[in-house]
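Have a look at the structure below, then the notes.
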Amino acid sequence: MRIVDLRSDTVTLPTREMRDAMYKAEVGDDVYREDPTVTALEELGADLLGKEAGLFVTSGTMGNQLAAMAHTKKSDEIICESESHIYCYEVAGLACLSGAQSRPLAGDRGILTAGRIRGAIRPGGDVHIPDTGLICLENTHNRAGGTCYPLAELEAIRAVADEYRIPVHMDGARIFNAAVAQGVSAGEIARHADSVQFCLSKGLAAPVGSLLVGSRDFVETARRYRKMLGGGLRQAGILAAAGIVALTGMVDRLAEDHANARTLGEALANLDYCIDLGTVQTNLVIFDVAPLGLTAAAFVERLAASGVKAGASGEYRVRLVTHYGIERSDIDYVAGVLARLKPPC
Ligand SMILES: *Cc1c(COP(=O)(O)O)cnc(C)c1O
């Protein structure tokens, strides 16, 4: 049976070029800062995002948590989106590692506005009240279905952050998807944030790792915390080599993933599945199976019986993710399977 794995873009396998680069990578002990390949990747990532410095970290979660640790102090409050990864899926890391309290705000399709953020900023100077220490934005927004921040909104949020002198961290796990979808450079998006975390191991197909970028001082603080958490790696150039290929060779092709996601979303809409096509802006497709009288888990099981691997994003929401390795013919196959499971309506 044909297997089409649309559970996540993390299932992508390294390319041949990555394997070659890994084999040939010049390496050293990166805790001594003697791994030239790690250093090259960190500089490349910082350059692409228009920041002073970068830090290679094991995962997106580590990058986000280090950012919060470096930006905030114990007892601060962190503004985030109520369905964001940093709030929902990082094991209460903000509370445990930063000693900070989260202030989740509901966004529109995951997107927060400057006005909503302004209204949540704490006044300061009152002995009872936490200080707002950080604003976190997720771009693209995972649970909302891969939605992008409009650049004008980022600019407005930046203005509010500057007014109150609050740093902005962007969880840009898929920032390159946003950049490709919006037809701008990642730097144009990142310039509105003080720090950005982005994943090499999702649609960009590297086997391991994320980068955290920001000012030189910020990155040096994050580097110390990375060591504290056990993230000081030795000959990590083996991994960083794949990351360099990811950034130099795998960004532009994300457009194919977006076109495939669009095709899949339109197929679902044409079949009268419950889907908000407005959320299908990048490589994620989320639809609601509650109208079918099924849970996401039950629907995922039916898809699996036809070789289509999908994920659940909540009790009734099924998630399909397009990525490197998924071809147009796979999408046509999945559309055929979805037609067979077509809802009565
Ligand atoms: C995947 C993801 C992360 C975490 O990345 P890991 O490498 O899995 O820890 C963080 N934020 C968002 C939005 C993600 O999609």
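Rule-based calculations on the coordinates, nothing more; no lab input. Here the structure is a predicted model, which means the values were calculated and not measured. Note that we place each Cβ from the backbone using ideal geometry, even for glycine, and neighbour counts take in every protein chain shown.
Taking label points 7 Å from Cα along the Cα-to-Cβ direction, Cys274 and Cys88 give a separation of 1.6 nm.
Each part reduced to its alpha carbon centroid, the range 89-134 and the range 28-51 end up 31 Å apart. For the residues Arg33, Arg109, Arg328, a GNM of the chain with alpha-carbon springs under 10 Å puts the largest fluctuation on Arg33.
Considering only Pro14, Pro150, Pro291, the mean-square fluctuation computed in a Gaussian network model of the chain, springs between alpha carbons under 10 angstrom, is largest for Pro291.
Placing +1 on each Lys and Arg Cβ and -1 on each Asp and Glu Cβ, with no other charges, gives the range 52-107 a dipole about its Cα centre of roughly 180 debye. Scanning the chain for DSSP H helices at least 15 Å long along the axis (C-alpha atoms) with a Kyte-Doolittle mean no lower than 0.0 picks out 36-49, 60-71, 151-164, 237-249, 328-340. Here the relative contact order of the range 13-248, from alpha carbon pairs under 8 Å that lie six or more residues apart, stands at 32 percent.
Structural descriptor for the range 53-168: relative contact order 27 percent, calculated from alpha carbon pairs under 8 angstrom and at least 6 residues apart. Report the paramagnetic label zone for Arg109: residues of the range 129-148 whose backbone N is under 20 Å from a point 7 Å from Cα along the Cα-to-Cβ axis. Under cut-off, by backbone N: 137-148. Counting other Cβ atoms within 10 Å, keep those with at most 11, restrict to DSSP loop, and tell me which chymotrypsin sites (Phe, Trp or Tyr not before Pro) in the range 232-320 are left. Sparse-neighbourhood loop chymotrypsin sites (Phe, Trp or Tyr not before Pro): none present. As a calculated quantity, the FRET efficiency between Glu26 and Glu220 at R0 = 22 Å, using C-beta atoms, amounts to about 0.40. Kirkwood hydrodynamic radius for the range 253-341: how many Å is it when counted over pairs of different Cα atoms? For the range 253-341, inverting the mean 1/r across all distinct Cα pairs yields 12.8 Å.
The orientation-averaged projection of the convex hull spanning the C-alpha atoms of the chain amounts to 17.6 square nanometres.
Peptide packing for 204-210, 246-252 was compared via the average number of neighbouring C-beta atoms within 10 Å per residue; ordered from the highest value, the list is 204-210, 246-252. Structural size metrics of the range 128-262, computed from C-alpha coordinates, are Rg and Dmax of 16.0, 51 Å.
Among His258, His323, His128, the largest mean-square fluctuation in a Gaussian network model of the chain, built with springs joining Cα atoms closer than 10 Å, belongs to His128. Toward the positive end of the charge dipole of the range 112-264, about the Cα centre and with charges on Cβ (Lys, Arg +1; Asp, Glu -1), which of Gly183, Tyr164, Val245 goes farthest? Highest projection toward the positive end goes to Val245. What separates the Cα centres of the range 308-338 and the range 145-211 is a distance of 25 Å. The order of the peptides 21-30, 174-183, 140-149 by mean Cβ neighbours within 10 Å, most packed first, is 140-149, 174-183, 21-30. Going from the residue with the fewest nearby Cβ atoms within 10 Å to the one with the most, Ser75, Ser84, Ser306 rank Ser75, Ser306, Ser84. Taking chymotrypsin sites (Phe, Trp or Tyr not before Pro) across the range 25-108, the ones in a DSSP loop with at most 14 further Cβ atoms lying within 10 angstrom of their Cβ are Tyr89.
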